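Reviewing the structure listed below.
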Amino acid sequence: MAKENIYILGIESSCDDTSAAVLCNDNILSNVVANQDVHAEYGGVVPELASRAHQSNIVPVVDRALKQAQITKEQLHAIAFTRGPGLMGSLLVGTSFAKSLAYGLDVPLIDVNHMQGHILAHFIKEDGYKKPPFPFLAMTISGGHTQIVEVKSYFDMEVIGETIDDAVGEAYDKSGKILGLGYPAGPQIDKLAQLGNPKAFKFTKPKVDGLDFSFSGLKTAILYFVQRETKNNPNFVEDNLNDICASIQYTIIGILMDKLKLAVKQTGIKHIAIGGGVSANSGIRAALKNGEHKFGWTTYIPKFEYTTDNAAMIGIVGYLKYLEKDFSDFDIMATARLKI
Ligand code: KG4
Ligand code: ZN
């Protein structure tokens, strides 16, 4: 007898993207993301505005996801949602909506840890994509997170390193703000960096023990550097923008690669899976490829739409939990600081 297809709706609303995805088993049928442009003029996510935008986006986004998947909500077997970590007001919108829909349809509710979503996004079925074998190391790098996780199985994971202050994406975005670039600055710095000399300017790397990261000092170093240099040459930033971006990028990649090499050394694990918006960075991708040749690593980078914040990654965790019958109680609360 053929196995029954399982349809899961995933909902993600932890930060500034409202997203809904429909899965049939581990296949993605739709993955709709509504970005919130409202934050650009503030140079970063404004939590109050994010909650309001989620509130107005959530129903149209879910409706579009169901239509694109060509199923009706009555066909859904479960509703998976991001419980945390994230912005409380944003999480509450997705959590409340997911509860109401699951209650109305009388189907199980499944809570998902957003960070597990980034990691298990590698298990979405994609033609030609090789899934990482257990155990592997997952490095999640985005505007909200910087973590290295040892992944022993789907639900046995240990955070072995994380940022003690800013996330790596914040380091990009805040540096970009100092340079007068728009938000988010990561993609722009990446583009300009490719035209510049990475060794033109030197920024010291933070000294943080073990596998933890720190990025707040880099932002301050760049601020003082720019203030000092513009005193001598008011056009310093414009005159040297490509070189400044290349030097910032070189420093950031150096910090990430040093920790990754140490993590491989400590764990003996050479399978490395990357997630989060910063994994789009051309320099980081090149450094990982270099690690394959130089250190015998195997690296795994999912399709870009599954690497930034999206509901497909929440849906895949929902599917894996559904198979385990790991369902949530309806009094479950959104949690801003949720550990893996
Ligand atoms: O995963 P994401 O879409 O959202 C969260 O922050 O959770 O990541 C967004 C972050 C921003 O900080 C953005 O500047 C950064 O990813 N980013 C990049 C690149 N593309 C996006 N940073 C460096 N290089 C890129 N190519
Ligand atoms: Zn994220």
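The values are calculated or read from the model by the stated rules, or taken from the named source; none is laboratory data. Computed from a predicted structure; not experimentally measured. Using ideal geometry, Cβ is built from the backbone for each residue, glycine included, and neighbour counts are taken over all protein chains shown. In case anyone asks, the SASA skips ligands and DNA or RNA and just uses the protein heavy atoms, side chains included. Shrake-Rupley method; radii C 1.70, N 1.55, O 1.52, S 1.80 Å.
Structural remarks
- Spin-label model distance (nm) - residue 106 vs residue 230, 7 Å beyond Cα toward Cβ: 6.4
- Pairs exceeding a 31 Å alpha-carbon distance, out of 191/339; 261/325; 202/261; 177/259: 191/339; 261/325.
- Across region 32-46, coupling constants 3J(HN,Hα) worked out from phi with the 6.51/-1.76/1.60 Karplus curve, θ = phi - 60°, read 9, 10, 9, 7, 10, 5, 4, 7, 3, 5, 9, x, x, 6, 9 Hz, and Gly and Pro carry x.
- For region 9-109, the solvent-accessible area works out to 42 Å² per residue, with a probe of 1.4 Å and every protein chain left in place.
- Rounded percent of accessible protein surface that carbon and sulfur make up, the chain, 1.4 Å probe: 51
- Where only alpha carbons of the chain are counted, the Rg and the Dmax (Å): 20.6, 77
- 10 Å Cβ shell holding at most 16 others, DSSP loop, trypsin sites (Lys or Arg not before Pro): longest site-free stretch of the chain: 4-124
- Within the chain, antiparallel bridges make up roughly 60 percent of the DSSP beta bridges whose residues both belong there.
- For region 1-87, the Stokes-Einstein estimate of translational diffusion at 37 °C and a viscosity of 0.692 mPa s comes to 238 µm²/s, using the Kirkwood hydrodynamic radius over alpha-carbon pairs.
- Under the criterion of Cα pairs below 8 Å and six or more residues apart, the relative contact order for region 100-256 equals 20 percent.
- Local net charge near residue 135, Cβ-Cβ under 14 Å (Lys/Arg +1, Asp/Glu -1): 0
- Within region 133-301, percent of DSSP bridges classed antiparallel, to nearest 5: 60
- Charged neighbours of residue 81, selected by a Cβ distance under 15 Å, balance to -3 (K, R count +1; D, E count -1).
- Taking N as the residue count of region 72-173, its C-alpha radius of gyration divided by 2.2 N^0.38 Å amounts to 1.26.
- Taking all protein chains into account, the per residue accessible area for region 235-333 stands at 42 Å² (1.4 Å probe).
- Mean separation of Cα contacts under 8 Å (6+ apart) over length of the chain, as relative contact order %: 25
- In terms of its alpha-carbon gyration tensor, region 240-340 comes out prolate; a/c meets the 1.5 threshold, and the first ratio a/b outweighs b/c.
- Qualifying chymotrypsin sites (Phe, Trp or Tyr not before Pro) for region 100-157 [loop in DSSP, other Cβ within 10 Å: at most 14]: 129
- Couplings 3J(HN,Hα) for region 204-218, derived from phi with the Karplus relation 6.51 cos²θ - 1.76 cosθ + 1.60 (θ = phi - 60°), are 6, 7, x, 9, 10, 5, x, 9, 6, 10, 9, 10, 6, x, 5 Hz, where x marks Gly and Pro.
- Calculated mean residue ellipticity at 222 nm for the chain: -14000 deg cm²/dmol, from DSSP H runs with n ≥ 4 weighted as -39500 (n - 2.57), summed, divided by the residue count and rounded to 500.
- Cα centroid separation, region 106-130 to region 146-162 (Å): 15
- Potential extension, residue 331-residue 239 segment - 0.36 nm per residue separation minus Cα distance: 27.4 nm
- Cα-based radius of gyration of region 133-301 once divided by 2.2 N^0.38 Å, which approximates compact folds: 1.05
- Accessible-area value, residue 92, 1.4 Å probe, nucleic acids and ligands omitted, Å²: 80
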